[in-house]
Amino acid sequence: MAQEYKVYDPKNMLFRRLGPSGLRVPVFSLGGWLTLGGTVLGDPVKEIIKVAFENGINMFDTAEGYAAGKSEEEMGRVIKELGLRRTDLIISTKLFWGGDGPNDTGLSRKHIIEGTKLSLKRLGLDYVDVIFAHRPDPTVPMEEVVRAFNHVINQGWSFYWGTSEWSAQQLEEAHHVAHVYGLIAPIAEQCQHHMLHRERAEQEYDPIYRNYGMGTTVFSALAGGLLTGKYNKGIPDDSRLAKHADLPFLKQLIDSFGEEEGRKKLKIVQDLNNLAQNELGCSVAHLALAWVAKNPNTSTVILGASKPEQVLDNLKAIEVIPKLTPAVLEKIENILGNKPDPVPTFGRPALDKFGRL
């Protein structure tokens with residue numbers, strides 16, 4: 001008897017190419033960092049993924065380091081239990097933090113190949129669509145890294161590979177190595193990008209977008225929850241900051257609340273909230289997600305959720321994207337006051353934007 005699959009309905013989801021590839025990804029995807037397999041286990045994981053899939057999300061992102069592999073296990077289990085057709089899904093995982101041994105971490109050929117096999121085993125899949133180098137590894141020659149990911153793709157264990165939090169110089173080197181040796185180059189960079197953190201995604205990577213067409217799979221688009229407005233009057237007990245206050249990334253955010261820079265950010269969030277509610281009829285979270293999605297170099301924005309309701313609420317940002325007209329974007333820039341400086345022209349007049357650069 002043929003297996004019955006849950007039929008995928010994209011609903012009103014928008015799709016984009018992942019970087020220069022032909023792979024179409026939803027503008028909003030779902031990630032497992034800090035939640036799936038970590039603070040969220042069992043049936044709640046199934047409900048979150050089920051609601052996401054039923055509302056147009058068909059890309060799911062995880063990593064070997066998320067909850068020490070438990071995120072991959074939970075995601076794989078749920079995909080099987082829900083009866084989701086593999087060809088309808090885009091699954092991505094990341095390699096770097098695989099264990100405690102000297103070769104269980106980093107980007108050696110040994111760990112990339114062994115780590116890929118272990119990730120596939122935990123996921124219960126024959127392949128993933130995209131595999132990311134979760135961080136750069138300056139202790140490994142770039143040729144070894146690129147060749148290892150090329151091997152993973154040639155073995156059919158992944159269709160594409162990408163990077164996460166690499167510098168533009170490291171990305172340039174990876175593309176150079178791939179070009180010189182006829183290997184497969186990375187197609188996407190998974191980076192932090194939000195209204196309060198812009199330089200790398202909008203300035204440093206500019207030549208990488210221009211020269212290689214790479215796209216971003218953005219994480220932390222809500223700045224750890226800061227851009228939801230929930231921390232304007234303190235840290236709620238059930239919030240991400242309260243539950244994960246020991247993480248350096250979030251501890252730094254908490255500590256900033258008592259400093260001038262942190263108070264300045266909270267004021268910006270309040271002003272953005274007023275703009276969102278009064279002019280766009282949405283929440284500041286919807287505005288923040290739509291703003292990142294509006295960037296032409298964003299391939300997908302990875303959502304995090306500990307409840308199905310959060311997925312549904314975040315997807316309302318799709319309706320806000322077309323409302324971000326040039327006039328609205330200018331108002332946002334006036335509130336933020338942090339637009340990265342353009343590349344200097346040293347006094348030369350600007351080129352016609354409709355001509356070839």
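Among the residues of region 104-114, how many are assigned to a loop (DSSP other than H, G, I, E, B), crowded, with 21+ Cβ neighbours inside 10 Å and touching a residue at least 40 places away in the same chain (Cβ under 8 Å)? Of the residues in that region, 1 qualify.
With the requirement that a residue be hydrophobic (A, V, I, L, M, F, W, C), more than 19 Å from the chain's Cα centre (by Cα) and buried (at least 18 other Cβ atoms within 10 Å of the Cβ), what does region 276-309 give you?
The answer is ALA276, CYS282, VAL284.
Out of the helices (runs of 4 or more DSSP H) lying entirely within region 245-311, which hold 3 or more residues that are of a type outside the set (S, T, N, Q) and in contact with a strand residue (DSSP E or B) (Cβ under 7 Å, 6 or more places away or on another chain)? Break it down stepwise before answering.
Values: elements: 248-256, 260-275, 284-294.
Helices (runs of 4 or more DSSP H) meeting the threshold: 284-294.
Any idea which of GLY101, GLY38 is farther than 21 Å from ASP313 by Cα, of a type in the set (Gly, Ala, Ser) and free of Cβ contacts under 8 Å to residues at least 24 places away in the same chain?
Values: GLY38 fails: free of Cβ contacts under 8 Å to residues at least 24 places away in the same chain.
Checking each option against the conditions leaves just GLY101.
Scanning region 67-81 for residues that are surrounded by 16 or more Cβ atoms within 10 Å (Cβ to Cβ) and in contact with a helix residue (DSSP H, G or I) (Cβ under 7 Å, 6 or more places away or on another chain) gives GLY69, GLU72, GLU73, GLU74, MET75, GLY76, VAL78.
Out of the residues in region 65-87 that are among the aliphatic types (A, V, I, L, M) and within 14 Å of PRO44 (Cα to Cα), which is nearest to the chain's Cα centre (by Cα)? Out of the qualifying residues, it is MET75.
Please go through region 1-23 and give me each residue that is of a type in the set (Gly, Ala, Ser) and at positive phi, ordered by number. Don't jump to the end; show me each part of the working.
The first filter runs over region 1-23 and keeps only residues of a type in the set (Gly, Ala, Ser), leaving 2, 19, 21-22.
GLY19 - this is the single residue of region 1-23 that is of a type in the set (Gly, Ala, Ser) and at positive phi.
From the residues in region 88-119 that are over 19 Å from the mean Cα position of the chain (by Cα) and hydrophobic (A, V, I, L, M, F, W, C), which one is farthest from GLU4 (Cα to Cα)? Give the steps one after another, and end with the answer.
Going residue by residue through region 88-119, those that are over 19 Å from the mean Cα position of the chain (by Cα) are 88, 98-118.
Still in the list and also hydrophobic (A, V, I, L, M, F, W, C): 107, 112-113, 118.
On the way: LEU107: 39, ILE112: 34, ILE113: 33, LEU118: 28 Å.
Filtering region 88-119 for residues that are over 19 Å from the mean Cα position of the chain (by Cα) and hydrophobic (A, V, I, L, M, F, W, C), the one farthest from GLU4 (Cα to Cα) comes out as LEU107.
Filtering ILE318, ILE332 for residues that are farther than 23 Å from GLY56 by Cα, part of a helix (DSSP H, G or I) and either touching a residue at least 24 places away in the same chain (Cβ under 8 Å) or in contact with a Pro (Cβ under 9 Å, 6 or more places away or on another chain) (or both) leaves a single hit, ILE332. Number of residues in region 12-66 that are buried (at least 24 other Cβ atoms within 10 Å of the Cβ), hydrophobic (A, V, I, L, M, F, W, C) and farther than 28 Å from VAL320 by Cα: the value is 1. Does region 119-131 hold any residues that are crowded, with 18+ Cβ neighbours inside 10 Å and in a helix (DSSP H, G or I), and which are they? Scanning region 119-131 gives SER119, LEU120, ARG122, LEU123.
Restricted to helices (runs of 4 or more DSSP H) entirely inside region 132-241, those with at least 3 residues that are crowded, with 19+ Cβ neighbours inside 10 Å and free of Cβ contacts under 8 Å to residues at least 60 places away in the same chain are 142-154, 168-181.
Since every read-out is calculated from the coordinates, none of them should be taken as a lab result. Here the structure is a predicted model, which means the values were calculated and not measured. For neighbour counting, all protein chains shown are included, and Cβ atoms are generated from backbone atoms with ideal geometry for every residue, glycine included.
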